[in-house]
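Here is the structure we will look at, set down as structure tokens.
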Amino acid sequence: MSEKSQTELELARAMERLVDDPRSYNLFIDAWNKHVDSEHGDISQLVVRPREGVQSKAVDAVASETLSSIALRDSQDNLRDDVALLLNTFPHSAYLVASGGLIHAVNDLAFKETGLDVGDRISGIGYSLEKSEPLETAIEAALKEADGNGSVHLKRAFKDKEDRPVTIALIRSDSQTSSEKRALMFIIDPVWRVEASQLMKSAFGFSDAEADIVDGFMSGSSLRQIADARERSHATVRTQFQNLLAKAGARSQLDLMRVALGLSQFVKEIEPIARIANRPERRRLDVLRPDNRSVDVLFYGDPQGLPVVFLHSVYYRSFPPFVEQQLHDAGLYFIAPGRPGFGATTKAAKGTSRFECLTSDVEAILDQMGIEKCVLIAQTASTPAAFHIFKHLQHRIDRRIVIASAAPTTRKISFDASRVSSAWTVALIKACKVSPQMAYLVARAGHRLMLSAGMSRFLSHHYSGSPADLEVMALPETIAEFEEGVAFTSKQGIEEAVHDVIDCFENWDHLIEEAPGPVIMAHGATDPHSPIQVIRSLCELFPDKLRLNEFSDGGQMLMASHTQQMIQLIKTGQLNTGYKQQLS
């Protein structure tokens with residue numbers, strides 16, 4: 001078998017598996033990259049997509065078929081859109097399962113916890129019932145419930161390799177559109193938050209030892225196990241436990257559990273409110289526009305400070321609290337409009353391009369706020385749109401900055417894929433040059449993987465080539481911002497985000513030629529997605545337009561990893577010595 005037919009076969013197998021298993025994404029990416037290398041060789045020499053070629057049309061057709069299969073899988077029996085939406089209203093992991101344990105629907109919480117999706121078997125859930133009863137047997141018992149009368153079957157279970165118990169609730173759920181019997185399954189796990197023990201310590205006057213005992217008790221440990229862990233006698237811990245019961249006014253262990261779980265739930269519910277309270281200057285508004293449109297705008301920083309319009313990247317609209325505090329202290333006021341189709345921002349009206357729509361939205365926001373001039377910053381995927389705005393609103397923009405810029409596809413810029421540490425980015429670039437449908441598949445499947453693997457694992461994998469980015473990514477605050485960004489981007493689906501990413505790898509150098517200069521290009525030397533060598537070449541190609549500020553120890557997340565240097569660049573357009581500044 002030839003190398004060509006071998007790569008085609010491997011790609012076909014990977015795409016078939018991708019439909020059922022979003023976790024096979026990396027195998028699919030590797031197969032696609034190998035296939036393009038086999039067919040086209042060095043992608044730096046492939047500038048224009050051979051859209052009229054027979055092979056490109058064949059790739060488009062296969063990618064479209066795979067996308068349709070994924071859509072069918074995600075909406076199987078209309079459950080992804082309806083039942084799964086309902087399941088997401090529950091605060092517990094929830095599944096809809098049929099006979100034999102086949103999963104028909106799953107909520108986001110369960111998907112993130114176990115990675116199980118529609119079409120998987122519930123046996124892979126990672127929980128074991130008491131007395132080694134197979135979970136499928138319990139499901140069958142629920143399915144045999146006469147007339148689906150709503151009786152709840154409760155089962156005690158344990159997470160594999162852990163002693164902490166959970167409750168599994170099963171209830172038969174008949175469908176009006178299908179004769180197949182199905183059961184709703186919930187995993188009820190009353191997660192104990194350690195912050196609640198500190199709240200109890202303050203409220204009831206617990207000692208440090210008593211607070212530790214509450215933590216152990218609420219985590220499922222017996223008093224004897226707590227004594228062993230604390231290297232105390234069982235009698236001592238039992239006495240301490242009786243004392244803390246009295247302090248809490250609890251007559252029994254059950255009473256204590258009710259009080260503790262109530263406080264734990266309070267801590268959970270207060271967290272988002274606390275985040276807002278810690279950022280009193282952050283607010284969100286909907287700006288009304290013609291054609292029944294509105295723009296979702298986020299504001300943060302110092303309201304009396306220098307106005308900065310920030311064009312967000314695909315999943316990064318705002319910054320962790322420690323960054324926003326520094327922006328506020330520096331007297332900067334960030335105005336972040338959602339691009340058309342992102343968040344609650346209405347898509348562009350028919351006959352209007354996304355770039356034209358965004359430019360008009362930005363101008364309208366400045367007009368409504370009475371801002372004559374501002375700084376405008378773009379990040380990564382918003383780069384082409386930013387250059388369109390630089391041209392058409394040049395009289396409103398004092399300083400132009402692009403962070404972690406993308407680069408247009410042109411024969412004048414050599415692109416070395418070996419310098420890109422993210423295989424996902426390489427695959428997307430190749431797809432953009434060969435097949436628009438494959439580009440959409442790469443992005444769509446990547447989004448599925450992110451939900452399956454979890455944000456932390458996904459980011460650590462795709463930013464593995466940048467130590468500075470990994471350090472920032474390890475912070476819970478950064479993860480939380482990305483999770484909010486994902487929810488924002490996918491609120492109306494990810495189609496607009498995919499279009500923006502594809503735009504980045506088109507030939508848009510005419511936008512640079514038409515824009516006024518200088519445009520400050522802030523770029524990290526270890527950017528895992530856009531190699532610094534490419535940006536250097538881009539700046540050399542447009543010496544009268546682009547000025548490179550290179551961060552030798554930075555990656556893509558410069559606003560978080562080099563906040564003070566970026567603030568200086570925003571306010572003055574210059575950097576102190578120590579950071580390579582190249583005026584091409």
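The values are calculated or read from the model by the stated rules, or taken from the named source; none is laboratory data. Since the structure is predicted, the reported quantities are computational estimates derived from the model, not experimental observations. Note that each Cβ is placed from the backbone with ideal geometry, even for glycine, and that neighbours are counted across all protein chains shown. Note: areas computed on protein heavy atoms with side chains; ligands, DNA, RNA excluded. Shrake-Rupley method; radii C 1.70, N 1.55, O 1.52, S 1.80 Å.
In contact with a strand residue (DSSP E or B) (Cβ under 9 Å, 6 or more places away or on another chain) and hydrophobic (A, V, I, L, M, F, W, C), is that true of residue 522?
Yes: the conditions hold for residue 522.
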- Item | Residue among 163, 108 that alone is open to solvent by less than 80 Å² (accessible area, probe 1.4 Å) and modelled with pLDDT under 85 | 108
- Item | Test: residue 443 is without any contact (Cβ under 8 Å) to a residue 60 or more places away in the chain, closer than 23 Å to residue 426 by Cβ and either over 12 Å from the mean Cα position of the chain (by Cα) or open to solvent by less than 20 Å² (accessible area, probe 1.4 Å) (or both) | yes
- Query: Is it the case that the stretch 207-225 has a residue that's at pLDDT below 80, in a helix (DSSP H, G or I) and open to solvent by 60 Å² or more (accessible area, probe 1.4 Å)?
  - Reply: no
- Total residues in the stretch 513-549, condition assigned to a strand (DSSP E or B), without any contact (Cβ under 8 Å) to a residue 40 or more places away in the chain, of a type in the set (A, V, I, L, M, F, W, C) and in contact with a Lys or Arg (Cβ under 9 Å, 6 or more places away or on another chain): 1
- Query: So which residues in the stretch 495-512 are outside any helix (DSSP H, G or I) and surrounded by fewer than 22 Cβ atoms within 10 Å (Cβ to Cβ), if there are any at all?
  - Reply: 506, 507, 508
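Take the stretch 362-379 and flag every residue that is open to solvent by less than 30 Å² (accessible area, probe 1.4 Å) and under 31 Å from the mean Cα position of the chain (by Cα). Steps first, please.
Going residue by residue through the stretch 362-379, those that are open to solvent by less than 30 Å² (accessible area, probe 1.4 Å) are 362, 364-366, 371, 374-379.
Answer for the stretch 362-379, where residues must be open to solvent by less than 30 Å² (accessible area, probe 1.4 Å) and under 31 Å from the mean Cα position of the chain (by Cα): 362, 364, 365, 366, 374, 375, 376, 377, 378, 379.
Please go through the stretch 526-535 and give me each residue that is of a type outside the set (Asp, Glu) and surrounded by 18 or more Cβ atoms within 10 Å (Cβ to Cβ), ordered by number.
So the first thing to find is which residues in the stretch 526-535 are of a type outside the set (Asp, Glu), and the list is 526, 528-535.
Passing the criteria: 526, 528, 529, 530, 531, 532, 534, 535.
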- For residue 350, all conditions in the list (1) in a helix (DSSP H, G or I); (2) surrounded by fewer than 22 Cβ atoms within 10 Å (Cβ to Cβ) hold save one; what is the number of the exception? (1)
- Taking interchain pairs and intrachain pairs at least six residues apart, which have beta carbon atoms under 8 angstrom, with the first residue in the stretch 220-236 and farther than 13 Å from residue 210 by Cβ and the second of a type in the set (S, T, N, Q) and part of a helix (DSSP H, G or I)? 227/236
